[in-house]
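For reference, the structure is listed below as structure tokens.
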Amino acid sequence: MSDCIFCKILRGEIETEFLYRDDICSIFPDANPKANTHLLIVPKKHISTIADMEEGDEKIVGHLVLCAKNIAEKLNLKGYTLQINVGKEGGQEIFHVHIHLMSNFG
Ligand code: 5GP
Ligand code: ZN
């Protein structure tokens, strides 16, 4: 079993409020929001960092972007930022790929 925080969240071992779930990804709020709306779009597959993406993972990452767009529409966000931090020097703290969706225009 992975010790990764996001894997634990996805397994239900750490509590969160899921806004969306499907076979490929889940969406839940960031615990330390940096905007009025700050969500994390997280794949079920444990990929540590974008730098470790393998052939085929682009389908997963593309799906994350599509789900970000869908939830932004559902929440009527007029504009938003999608951010992926890559590597420690790139600001990544949790080594399980995720997209930040941040908006102050909800
Ligand atoms: P990173 O810096 O890796 O791109 O972003 C990690 C994000 O995960 C941070 O914005 C941080 O606030 C968030 N985070 C860390 N631990 C938890 C947690 O246990 N639950 C949730 N919902 N978010 C977390
Ligand atoms: Zn993980």
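The values are calculated or read from the model by the stated rules, or taken from the named source; none is laboratory data. All figures in this text were calculated on a predicted structure; none of them were measured in a lab. Methodologically, a virtual Cβ is constructed for each residue, glycine included, from the backbone with ideal geometry; neighbour enumeration extends over all protein chains shown.
When LYS44, LYS74, LYS59 are checked against the criterion of being surrounded by 12 or more Cβ atoms within 10 Å (Cβ to Cβ), modelled with pLDDT of 95 or more and of a type in the set (D, E, K, R), LYS44 stands alone in meeting it. Being closer than 23 Å to ARG11 by Cα and of a type in the set (D, E, K, R), is that true of even one residue in the stretch 79-95? Taking every residue of the stretch 79-95 in turn, at least one turns out to be closer than 23 Å to ARG11 by Cα and of a type in the set (D, E, K, R). Of the residues making up the stretch 8-23, those that are in contact with a strand residue (DSSP E or B) (Cβ under 9 Å, 6 or more places away or on another chain) and surrounded by 10 or more Cβ atoms within 10 Å (Cβ to Cβ) are ILE9, LEU10, THR16, PHE18, LEU19, TYR20, ARG21.
Note on the stretch 75-104: residues that are in contact (Cβ under 8 Å) with a residue 40 or more places away in the chain and over 13 Å from the mean Cα position of the chain (by Cα) total 4.
Contact map, the stretch 1-12: residues that are without any contact (Cβ under 8 Å) to a residue 60 or more places away in the chain paired with residues that are within 11 Å of ligand 1 (Cβ to nearest atom), Cβ distance under 6 Å, separation 6+ or inter-chain. Pairs shown: LYS8/ILE14; ILE9/THR16; LEU10/SER26.
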